[in-house]
Each structure stands twice: as C-alpha cells, then as structure tokens.
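All remarks here apply to the structure that follows.
The values are calculated or read from the model by the stated rules, or taken from the named source; none is laboratory data. This one's a predicted model, so the numbers in the text were calculated from it and none came from an experiment. A quick note on method: Cβ atoms are made from the backbone with ideal geometry, for glycine too, and the neighbour counts reach across all protein chains shown. The accessibility values were calculated without ligands, DNA or RNA, using every heavy atom of the protein model including side chains. Shrake-Rupley method; radii C 1.70, N 1.55, O 1.52, S 1.80 Å.
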Amino acid sequence: VSLVESGGGLVQAGGSLRLSCAAPGSVFRIGDAGWFRQGTGRERELVATIEVIDSGDTINYANSVRGRFTISRDDTGNTLFLQMNSLKPEDTAMYYCAVWGRGYDSSTGSWGQGTQVTVSS
C-alpha cells in the first residue's frame, strides 16, 4: 500500500498544523493505523494510533501529545489525519503515517515517506 503524507512545514511555537496521509482504497477502515515521528538523533516514537475493533475504534496517544494532537480519518477511509495544536519546539521531527493489519505490529505494515514538521521557538 502506497501512503503519501502532506501538511508538514515550519510553524512557530503555539501554532497548529494538520497532517494528512492519503492511501488507495479504504485501508484506514480495514486496518489499524497511526502516526509516528523521528527527530534528529532520536529513535522513532509513536505519536497516535487508531485501532479498528468490532465495537468501535480505540485511539491511543503518546503522553507528550495527549490533549494537543488528534488523530482521525475521513468517512471513506482513504485519508488519515493528525491535527496538531499548541505545537512545541520538541515536536520538531519527521512525521510518518503507517497502516497495518488488525492486531499486528506496526512494523509489519506499510509506511509513507514522511513529512517534516519544524516548530520554531
């Protein structure tokens, strides 16, 4: 599955950005999905995930972004979003979206090429 992220850029601290991840078909309604990020010299870390279960979705956030970031998808399941508010310089990183099979680890799925987010102080 080919994933394409967009929406990154340069923003001042306290500002907002909305990242999008486009995919063919309704993959974001079929599999689990999420956003990850990797800053310079740092390991990749989970930002937010949305897991599909029969009774509804389960959404998880990293403690560092909870209350500021919101993960969502459109009704068609073609696009995954990450709304980022109250951005901080420490949010600066390359952001990646991914989709994987339900119940599997994210490392087994498809990943995009990333979109750079830079937050200036």
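Residue by residue, what Karplus-based ³J(HN,Hα) values in Hz, rounded to whole numbers, does region 44-52 have, using 6.51, -1.76 and 1.60 with θ = phi - 60° and x for Gly and Pro?
Here the 3J(HN,Hα) series is 5, 10, 6, 9, 7, 9, 10, 10, 8 Hz.
Could you tell me what percent of the accessible area of region 1-78 is made up of carbon and sulfur, with a 1.4 Å probe and every protein chain present?
After summing per-atom areas, the C and S share lands at 47 percent.
Keeping all protein chains in place, calculate the accessible area per residue for region 14-107 (probe 1.4 angstrom), answer in Å².
In whole numbers, region 14-107 has 49 Å² accessible per residue.
So who's got an amide H within less than 5 Å of the one on GLY39, skipping anything under 5 residues away but keeping other chains? H placed 1.01 Å off N, in plane.
MET94
With an 8 Å cut-off on Cα pairs and a minimum separation of 6 or more residues, tell me the relative contact order of region 16-117 in percent.
33
How about region 1-73: which GluC sites (Glu not before Pro) there lie in a loop by DSSP and see at most 10 other Cβ atoms within 10 Å?
Of the GluC sites (Glu not before Pro), the ones in loops of region 1-73 whose Cβ has at most 10 other Cβ atoms within 10 Å are GLU43.
So how do 13-23, 99-109 stack up, highest first, on mean other-Cβ count within 10 Å?
Order by mean packing, descending: 13-23, 99-109.
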